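J.: After the structure tokens below, expect a handful of questions from me.
Just so you know, all these numbers are worked out from the coordinates, no wet-lab data involved. Predicted, not measured: the structure shown is a model, and the values here were computed from it. Reconstructed Cβ throughout: ideal geometry from the backbone, glycine too, with neighbour counts over all protein chains shown.
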Amino acid sequence: MEIKNNQPPVLEIKNVSKDFSEVYALKNVDMQVFPGQVAAVIGENGAGKSTLMKIISGVHLDFEGQVLLNGENVYFKNPKEAAEKGVAIIHQELNLISHLSITENLFLGQELTTKMGLLDYPKMHRKAKELLGRLQLDADPRTPVIQLRVGQQQLVEIAKALLLESKVLIMDEPTSAISDNEVELLFRIINDLKSKGVAIVYISHKLDELFKIADQFTVLRDGEKIGSGNMKETSHDKLIQMMVGRKLTERIKKKSALVQEEVLRVENLCFLNPENKNDYLVNDISFSLKKGEVLGICGLMGAGRTEVLEAIFGLFPKYVSGKIYIEGKEIRIKSVNEAIEAGIGLVPEDRKLQGLIMNMNVEKNTSLSNLNRISSFGFIHKNKEEELSKYFIKKLNTRVASSKMEVQKLSGGNQQKVVIAKWLATNPKVLLLDEPTRGIDVGAKSEIYTLINELASQGMGIIVVSSELTEILAISDNILVLSESKLTTKLSREEATEEVIMKAALAEKEDKSQKTGDGRQETGISSD
Amino acid sequence: MQTQNLKHYLVKFQSVIALLIMCIVLSFLSDRFLTGENAWNVMRQISVNVIISVGMTLVILTGGIDLSVGSVLAFAGAVTAGMLKFGAEFTDWDIYLGFTLLGALIGGILSGTFLGWFNGITITRFKVPPFVATLAMLTIARGLTMLWTGGFPITGLGDNMAFIGTGWFLGIPMPVWISAVIVLAAVVLTNKTKLGRHIYAIGGNETAAKLSGIKIKKVKLIVYSIAGALAGVGGIIVTSRLDSAQPNAGFGFELDSIAAVVIGGTSLSGGKGTIMGTVQGALIIGILNNGLVLLNVSPFWQQVIKGFVILLAVVIEKFNSKED
Ligand SMILES: Nc1ncnc2c1ncn2[C@@H]1O[C@H](COP(=O)(O)OP(=O)(O)OP(=O)(O)O)[C@@H](O)[C@H]1O
Ligand SMILES: [Mg+2]
């Protein structure tokens, strides 16, 4: 397949290769990106997508081959230089400075100043507010980013790149943590950029997205370019075939073998907003989870999904009220340790901040929550540790040079697999999964779904929070829909469809806007 | 490929190589350097630093710091000396307790452990940053030492006590034995045990460690207590060697200790480093001190040179880790 285009490419990559000390990541890769078009880059975890983007944007300096911008050979010495020349990147991992405000993060390195040379906060806040408005991120630009959820942080990263007004915008999995609503918004912005002639390089494991937004595609496998072409002339299955190199076996449909024995019950769970005493992050939610049940929780961003899991896991005991029962016995969870001792596990949403010790190797990260099992008298059995980690590397098809590799050297998706492995290995009674497949490729995703099913059929109770409706629909027995911190609907797997869920997810929001709408009407009447 | 391998080894054994070069250069510059007597001398001199630096390494691995080791050392030494010489007298109840050497030693170590534990409590329970908490303890422990000794040395502690700091056993000085045992235990602790793994995890990413079920407070409490206990051991050796507990003993020891840890390649932000690195760091400082004295370099210049060596070590370390 050849990409036909009458315009010259704005960005061209010729014969790029890159090897890290242990493994090669890219081999003779070519690619072209045209103005006003979206070029998708796809491939399995560890295929080399992020590495290629880091080469283009001046992060990796040591590589072979050429990068041409507007037909001219360029070599960026750092990301800042790339940005100045019009190449901006939204990295796969979040790179915000947690204690600075949204505004300060947005303008980091390109602060606006007054004539006196002092920071012009009013102007920056104004511009920030406007940008956030475009992304419909309802937050004060003065908020420190540490108070934002991962999805919201991802929007801030997007806003930061938009601020640069670049000619080439690289987006490395921009939608991995945001829900469908925000994805729609992002697509509207991308279309807007396209019409202004901006070229976009777009990486995503969500193939359906690509068919909506991308014009061309390039497939990488094991660091090599397997093929490229126009999105219009390909199909879902063809892309997967190219990525994986084989046909994916249909995954087994979940067999519902629900027993009636309850493993977790939550009554009147409330989670007070630590920042605002009049606001609830989780507002009076009750539900129960049976052994072997997979319970999906969905809702829009900020609906309180993650907070439900955090409340149960004992992360903010001071602000949480309500009753939690494990196997019928009420337990008071005052810390994470107590939650773990009670048999609860949590795969957190932010792998870099909450999930992994970045400078530790794969083995040690995998065993971190399982040390009791592989040690005696406080001494760790190294061979058991290696065994444990190798078992999961095989099971989840994690791409590593060896189990002794530091996790910071793994690709994003493979890092996620390590976090999942750590918690699967603990074999808890109740496993809470927060965006478990964030950044994970299609093949591995179905592996993980299979594993979730397997664990459930062995009697584990599993709660999955996900912003991907298809994921929720694929694995859940029952579904809770949250809206504005409240539980609006409980659905069984038979009742649930995307439409029903979306409607429920918007329920409270509409309620609210109706109320304010009514308010306006009233004032309208009185002024009449 | 081969040059890469060579470079890899150069980086890996940089401190050993630095040590060798220093030794070779010094043995050319001074004929007193490469003698058995001098070698034991250096080893004996650094043993106290090695012991407290083991504790310091553990603390720094968790992402903390302990500025109080020097003062805690002085206090523990004074407690040991006081117990040994005067016993404990409770005039109100007309009770007098005399102590054996062992009792006094345990008393000294326990008092160090207690002060370290107190550091741990202020850091974990009251959320005082380690720098501030241990800075406060630096003053508190020094003040307690002054109170305990009345500002005067406690001298004349007997031969048995002196043996700990000046005696020889199987041809090796006692302080070297003690420090070797402690280093060995710490190497095992950091490499083979759950506690060791927890220490690295906390320093690497405290949030992730917490979410993995590691008892952060407990581990930190243990680590600061160990640092206090080892400062106590250091205090006993110093006291024994001088045959007296000086109220201003251990002054500035925290700096030499931090220097050894940093030269040994441990990251001050935590999560990365080794005990053996620290031992090498202590050796580098010890040999440098010794060499400069042998070469009759003025003490003022010695300080300047030591400072630059610390800088150099850290710069090389940063440079290498960037290459990787
Ligand atoms: N700093 C590094 N040191 C060693 N190897 C590395 C380093 N960075 C990346 N790699 C390796 O290069 C390969 C490609 O990684 P890359 O991050 O480009 O994958 P990716 O296609 O973006 O995957 P994902 O979908 O999981 O994000 C992986 O095998 C990874 O382990
Ligand atoms: Mg990637």
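J.: Kindly provide log₁₀ I(q)/I(0) values, in the same order as q = 0.09, 0.17, 0.20 Å⁻¹, from the Debye equation applied to equal alpha-carbon scatterers of segment A:1-144.
T.: For segment A:1-144 at q = 0.09, 0.17, 0.20 Å⁻¹, log10 I(q)/I(0) is -0.40, -1.06, -1.21.
J.: Here's another thing I want to ask about it. Regarding the protein assembly as shown, what is the average projected area of its C-alpha convex hull, in nm²?
T.: Mean projected area of the Cα convex hull: 47.3 nm².
J.: Now for a different question. Can you compute the modelled spin-label distance between A:F211 and A:N278, with each label point 7 Å from Cα toward Cβ, in nm?
T.: 4.8
J.: Name all residues of segment B:13-41 having a backbone nitrogen under 17 Å from the label point set 7 Å from the Cα of B:L295 along its Cα→Cβ direction, giving them as ranges.
T.: B:18-35
J.: Additional query: Running a GNM on chain B with Cα contacts under 10 Å, which residue among B:F28, B:F75, B:F152 ends up with the highest mean-square fluctuation?
T.: Sorting by GNM fluctuation, first place goes to B:F28.
J.: Taking each residue of B:197-204 in turn, how many C-beta atoms of other protein chains fall within 10 Å of its C-beta, and what is the average?
T.: 4
J.: Apply the Karplus curve 6.51 cos²θ - 1.76 cosθ + 1.60, θ = phi - 60°, to the phi angles in segment B:50-66 and return the couplings in whole Hz, x for Gly and Pro.
T.: After applying 6.51 cos²θ - 1.76 cosθ + 1.60, I find 4, 4, 6, 6, 4, x, 4, 4, 4, 4, 5, 4, 7, x, x, 7, 10 Hz.
J.: Working from the alpha-carbon coordinates of segment B:113-222, get Rg over Rh, Rh being the Kirkwood radius.
T.: In segment B:113-222, Rg relative to Rh is 1.09.
J.: Could you calculate the FRET efficiency of B:N191 with B:K218 from 1/(1 + (r/R0)^6), where r is the beta carbon distance between them and R0 is 30 Å, rounded to 0.05?
T.: Result of the calculation: an efficiency of 0.90.
J.: What is the spin-label model distance, in nm, from B:L268 to B:L170 if the labels are put 7 Å beyond Cα along the C-beta direction?
T.: According to this spin-label approximation, the distance is 3.9 nm.
J.: Report relative contact order for segment A:361-427 in percent, whole number only (criteria: Cα-Cα under 8 Å, sequence separation at least 6).
T.: On the way: 68 pairs, mean separation 31.2, N = 67.
Contact order relative to length: 47 percent.
J.: If you don't mind, another one. Calculate, for A:E165 and A:E261, the FRET efficiency according to 1/(1 + (r/R0)^6) with r their C-beta to C-beta distance and R0 51 Å; round to the nearest 0.05.
T.: 0.30
J.: Right, something else. Under a cut-off of 19 Å between alpha-carbon atoms, report the lysines in cross-link reach of A:K290, not counting same-chain residues fewer than 8 places apart.
T.: Output for A:K290: A:K254, A:K255, A:K323, A:K329, A:K429, A:K490.
J.: Using a 10 Å cut-off on Cβ atoms, rank the peptides A:35-46, A:451-462, B:238-249 from the highest mean neighbour count down.
T.: A:35-46, B:238-249, A:451-462
J.: From the Cα gyration tensor of chain B, with a ≥ b ≥ c the square roots of its eigenvalues, which class applies: rounded if a/c is under 1.5, or else prolate if a/b is larger than b/c, or else oblate?
T.: Since a/c reaches 1.5 but b/c is at least a/b, the shape of chain B is classed as oblate.
J.: Right, another one. Under 20 Å between C-alpha atoms is the cut-off here; go through segment A:130-222 and count lysine pairs that meet it, provided they're at least eight residues apart or on different chains.
T.: 6
J.: Let me ask something else. If I take every Cα pair under 8 Å that is 6 or more residues apart in segment A:1-117, average their sequence separation and divide by the length, what percent do I get for the relative contact order?
T.: Averaging sequence separation for qualifying contacts and normalising by length gives 23 percent for segment A:1-117.
J.: Something else now. Based on the Kirkwood radius over alpha-carbon pairs, what is the Stokes-Einstein translational diffusion coefficient of segment A:361-427 at 20 °C with 1.002 mPa s viscosity, in µm²/s?
T.: 184
J.: Could you list the trypsin sites (Lys or Arg not before Pro) in segment A:312-365 that lie in coil according to DSSP, counting only those with at most 11 other Cβ atoms within 10 Å of their Cβ? Intermediate results must be reported in sequence, preceding the final value.
T.: Values: sites: A:K318, A:K323, A:K329, A:R332, A:K334, A:R351, A:K352, A:K364; in loops: A:R332, A:K334.
Those that pass, being in a loop and sparsely packed, are A:R332.
J.: Amide H to amide H under 5 Å from A:V198: which residues, 5+ apart in sequence or cross-chain, H placed 1.01 Å off N in plane?
T.: Amide H neighbours of A:V198: A:G36.
J.: At a Cα cut-off below 20 Å, give the lysines reachable from B:K192, other chains included and same-chain residues fewer than 8 away excluded.
T.: Counting by Cα, and skipping residues close in sequence, B:K192 has these lysines nearby: A:K364, A:K382, A:K384, A:K390, A:K404, A:K422, B:K215, B:K218, B:K220, B:K272.
J.: Could you pull out every residue, at least 5 positions away or on a different chain, whose amide H is within less than 5 Å of the one on A:A25? Hs are placed 1.01 Å off N in the peptide plane, and Pro or chain starts have none.
T.: A:K18, A:D19, A:F20
J.: Assuming R0 = 45 Å, what is the FRET efficiency of A:I146 and B:Q302, from their Cβ-Cβ distance, to the nearest 0.05?
T.: 0.50
J.: If you rank A:T489, A:T218 by fewest surrounding Cβ atoms within 10 Å, what's the result?
T.: By the 10 Å Cβ count, ascending: A:T489, A:T218.
J.: Normalised by the number of residues in chain A, what is the relative contact order in percent for Cα pairs under 8 Å and 6+ residues apart?
T.: Worked out over chain A, it gives 15 percent.
J.: Which ³J(HN,Hα) values, rounded to whole Hz and listed in residue order, are derived for segment A:335-347 from phi using the Karplus coefficients 6.51, -1.76 and 1.60 in 6.51 cos²θ - 1.76 cosθ + 1.60 with θ = phi - 60°, glycine and proline given as x?
T.: Result, ordered by residue: 7, 4, 4, 5, 4, 5, 4, 6, x, 10, x, 9, 8 Hz.
J.: Label A:K382 and A:N230 with points 7 Å out from Cα along Cα→Cβ: what is the distance between them in nm?
T.: Using points 7 Å along Cα→Cβ, the separation is 5.9 nm.
J.: Give me the distance between the Cα centres of segment A:185-209 and segment A:295-351, rounded to whole Å.
T.: Between the Cα centre of segment A:185-209 and that of segment A:295-351, the gap is 36 Å.
J.: Starting from the amide H of A:V282, placed 1.01 Å from N in the peptide plane, find each other amide H under 5 Å away whose residue is 5 or more places distant or on another chain.
T.: Here A:F271 satisfy the definition.
J.: I've got another one for you. Step by step: find N for segment A:365-489, compute 2.2 N^0.38 Å, then divide the Cα radius of gyration by it. What's the final number?
T.: Numbers: Rg = 15.9 Å, N = 125, 2.2 N^0.38 = 13.8 Å.
Rg over 2.2 N^0.38 Å, computed on Cα atoms: 1.15.
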